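One structure below.
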Amino acid sequence: MSKISALTFTDRGIYCPAGDFYIDPWRPVDRALITHGHADHARWGHGHYLATHAALPVMRHRLGEIDAQGIGYGETVQIGGANVSFHPAGHVPGSAQIRVEVAGEIWVASGDYKVENDGLSEPFEPQRCHHFITESTFGLPVFRWQPQARITTELNAWWARCADAGKTAFLGAYALGKAQRLMRMLDPEIGPILTHGAVEGTNAVLRAQGIDLPETQQVTGEMDVKSIKRALVLAPPSALGSTWARKFGPRESAFASGWMQLRGVRRRRAGDRGFVVSDHADWRGLLDAIGQTGAENIYVTHGYTDIFARYLNENGWQAQVVPTEFEGETLDMDAAS
C-alpha cells in the first residue's frame with residue numbers, strides 16, 4: 001500500500017486513513033462511501049454504506065438489506081479526522097463526487113461523471129481541490145459527444161421508421177441511468193414504450209423517489225407481444241440477441257453508448273444502428289472538469305489511462321495512473337447495472 005497524503009490507493013479501494021473509510025471499495029470493508037449505484041462502484045458485503053439520499057434506494061434495490069446512511073448534496077460530515085461532503089457528478093440520478101478534506105488538504109474522488117446536463121441526473125458541480133481522482137473511460141480526442149437535442153431527433157426518426165415498416169424497435173441501454181435518460185428523449189406519440197424487467201424494476205425505484213418518467217409497460221410472459229404495434233423496447237444490451245427478443249417477430253435493434261463513436265465497434269455489434277449517448281464525460285468534458293478543479297495532481301483511473309495521463313503531463317498537470325477495478329461503460333454490462 002502506497003500512501004499519498006489524505007487518501008491512499010490500496011488493494012481494497014481508495015482509502016482515507018484519517019477517517020478509516022474507503023471510497024467505492026471493490027472488496028469488503030467496514031465503512032464504504034459510495035459515489036453511485038452501478039455494480040462496479042456499489043458492491044455487496046460492506047459493513048456500513050454512506051451515499052446520497054438519491055442513490056440509496058437503487059442501491060438497496062440491487063444489494064438487498066444493507067446497513068446504510070444517506071447524506072444530502074453539499075452537507076458536510078466529520079468522519080474521524082476527515083471532513084467529507086458529496087457533490088453532484090451528473091452521471092446518473094444520485095451520483096456524487098466525494099470531497100475529502102484532511103488538515104487543509106482537499107481531495108475529490110469523482111467516481112463516474114459527465115458535464116452535460118441530461119435533464120435527469122443532478123447536474124455536475126465542479127469542486128476546487130488539490131488532488132482530483134478522475135475516470136478516463138472516453139479519454140481519447142475521438143470521443144466528442146453531439147448535443148443531446150440532436151441525438152433525440154435522430155433516435156425518434158429511427159423509431160418512427162421502424163414503426164412505419166412494421167418492426168419493433170429494440171434499444172439497448174443500462175438499466176440504471178441510461179435507460180431512463182433515453183425514455184425522456186423518446187416521443188411517446190410514435191408508439192408504446194415497453195421495458196425489460198431489469199429496466200422496469202429500476203424505473204419503479206426512481207418513480208418512487210419522485211423522478212418523472214414517461215409511461216412504460218413491462219414485457220411479461222403473458223403478453224402477446226406480436227400484437228403490439230409501433231413499440232420500442234428498452235432492454236439491457238445482453239437481451240437484444242436473446243430468445244426473449246426474438247419472440248417479437250420483425251425487429252431492428254440499436255445500442256446507445258459512447259462506444260458507438262467508433263466505427264469498428266458499430267460493425268462488430270449485432271445491432272442495426274448505434275446512437276452515441278454516454279453517461280460519461282467525453283474528451284473535452286474530462287479536460288473541462290479537471291481544469292475547473294484547479295488541481296495540480298490528477299489520478300487517472302479506468303479507461304484510456306496511459307494515454308490520458310500522458311496528455312495531462314504534457315499539458316501542465318502532474319498526472320499518474322491508479323489501477324482500480326472500476327469498469328466504466330461497456331456494451332455487455334449485465335441487467336443489474
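Does ALA245 fit the bill of being crowded, with 20+ Cβ neighbours inside 10 Å, of a type in the set (Gly, Ala, Ser) and not in a strand (DSSP E or B)? Lay out the reasoning, then the answer.
Numbers: crowded, with 20+ Cβ neighbours inside 10 Å: no; of a type in the set (Gly, Ala, Ser): yes; not in a strand (DSSP E or B): yes.
Spelling it out, it is not the case that ALA245 is crowded, with 20+ Cβ neighbours inside 10 Å, of a type in the set (Gly, Ala, Ser) and not in a strand (DSSP E or B).
Okay, residues lined up against (1) surrounded by 18 or more Cβ atoms within 10 Å (Cβ to Cβ); (2) in the same structural domain as PRO123 (by TED's automatic domain parsing); (3) of a type outside the set (Gly, Ala, Ser):
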residue	(1), (2), (3)
ALA179	yes, no, no
VAL199	yes, no, yes
ASN203	yes, no, yes
ALA208	no, no, no
ARG230	no, no, yes
PRO237	yes, no, yes
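For ILE307, work out the one condition from (1) surrounded by fewer than 16 Cβ atoms within 10 Å (Cβ to Cβ); (2) assigned to a loop (DSSP other than H, G, I, E, B); (3) among the hydrophobic types (A, V, I, L, M, F, W, C); (4) modelled with pLDDT of 90 or more it doesn't fulfil.
Here ILE307 clears every test but (2).
Working carefully through the options SER95, SER85, find the one that is closer than 25 Å to TRP145 by Cβ, at pLDDT 95 or above and not acidic (Asp, Glu). It would help to see each step written out before you state the result.
Working: SER85 fails: closer than 25 Å to TRP145 by Cβ.
Exactly one of SER95, SER85 is closer than 25 Å to TRP145 by Cβ, at pLDDT 95 or above and not acidic (Asp, Glu), namely SER95.
For segment 55-66, does any single residue satisfy the condition of being in contact with a Lys or Arg (Cβ under 7 Å, 6 or more places away or on another chain) and of a type in the set (Gly, Ala, Ser)? Outline the logic, then answer.
Here is the first cut: in segment 55-66, the ones in contact with a Lys or Arg (Cβ under 7 Å, 6 or more places away or on another chain) are 66.
Subsequent filtering for residues that are of a type in the set (Gly, Ala, Ser) retains none.
No, that holds for no residue.
Tell me, please, whether a residue that is part of a strand (DSSP E or B), touching a helix residue (DSSP H, G or I) at 6+ places or on another chain (Cβ under 6 Å), at pLDDT 95 or above and not polar (S, T, N, Q) can be found in segment 194-207. Before the answer, list the steps.
So the first thing to find is which residues in segment 194-207 are part of a strand (DSSP E or B), and the list is 194-195.
If we keep only those that are touching a helix residue (DSSP H, G or I) at 6+ places or on another chain (Cβ under 6 Å) as well, we get none.
Among the residues of segment 194-207, not one is part of a strand (DSSP E or B), touching a helix residue (DSSP H, G or I) at 6+ places or on another chain (Cβ under 6 Å), at pLDDT 95 or above and not polar (S, T, N, Q), which makes the answer no.
Per-residue answers, yes or no, for (1) in contact with a strand residue (DSSP E or B) (Cβ under 6 Å, 6 or more places away or on another chain); (2) of a type outside the set (Ser, Thr, Tyr); (3) farther than 23 Å from ASN297 by Cβ; (4) surrounded by fewer than 24 Cβ atoms within 10 Å (Cβ to Cβ):
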residue: PRO17; (1), (2), (3), (4): no, yes, no, yes
residue: ASP30; (1), (2), (3), (4): no, yes, yes, yes
residue: GLN69; (1), (2), (3), (4): yes, yes, yes, yes
residue: ALA82; (1), (2), (3), (4): yes, yes, no, yes
residue: GLY94; (1), (2), (3), (4): yes, yes, yes, no
residue: ILE106; (1), (2), (3), (4): no, yes, no, yes
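Quick one: is SER121 closer than 16 Å to GLY37 by Cα, polar (S, T, N, Q), crowded, with 19+ Cβ neighbours inside 10 Å and touching a residue at least 24 places away in the same chain (Cβ under 8 Å)? Don't jump to the end; show me each part of the working.
Working: closer than 16 Å to GLY37 by Cα: yes; polar (S, T, N, Q): yes; crowded, with 19+ Cβ neighbours inside 10 Å: yes; touching a residue at least 24 places away in the same chain (Cβ under 8 Å): yes.
Judged against the criteria, SER121 is a match.
Looking only at segment 65-86, count every residue that is farther than 25 Å from TYR113 by Cα and of a type in the set (Gly, Ala, Ser) and tell me the total.
The number of residues fulfilling the criteria is 2.
Looking at SER253 and the list (1) polar (S, T, N, Q); (2) modelled with pLDDT under 95; (3) surrounded by fewer than 18 Cβ atoms within 10 Å (Cβ to Cβ), which single condition is not satisfied?
(3)
Can you name every residue in segment 208-242 that is polar (S, T, N, Q) and either part of a loop (DSSP other than H, G, I, E, B) or under 22 Å from ILE190 (Cβ atoms) (or both)? First the steps, then the outcome.
Pass one, segment 208-242, residues polar (S, T, N, Q): 209, 216-218, 220, 227, 238, 242.
Matches in segment 208-242: GLN209, THR216, GLN217, GLN218, THR220, SER227, SER242.
Kindly indicate whether any position in segment 136-158 is crowded, with 16+ Cβ neighbours inside 10 Å, farther than 22 Å from LEU262 by Cβ, at pLDDT below 95 and not assigned by TED's automatic domain parsing to the domain that holds LEU33.
Within segment 136-158, not a single residue is crowded, with 16+ Cβ neighbours inside 10 Å, farther than 22 Å from LEU262 by Cβ, at pLDDT below 95 and not assigned by TED's automatic domain parsing to the domain that holds LEU33.
The values are calculated or read from the model by the stated rules, or taken from the named source; none is laboratory data. No experiment lies behind these values; they were computed from the predicted model shown. Cβ atoms come from the backbone with ideal geometry, glycine included; neighbour counts cover every protein chain shown.
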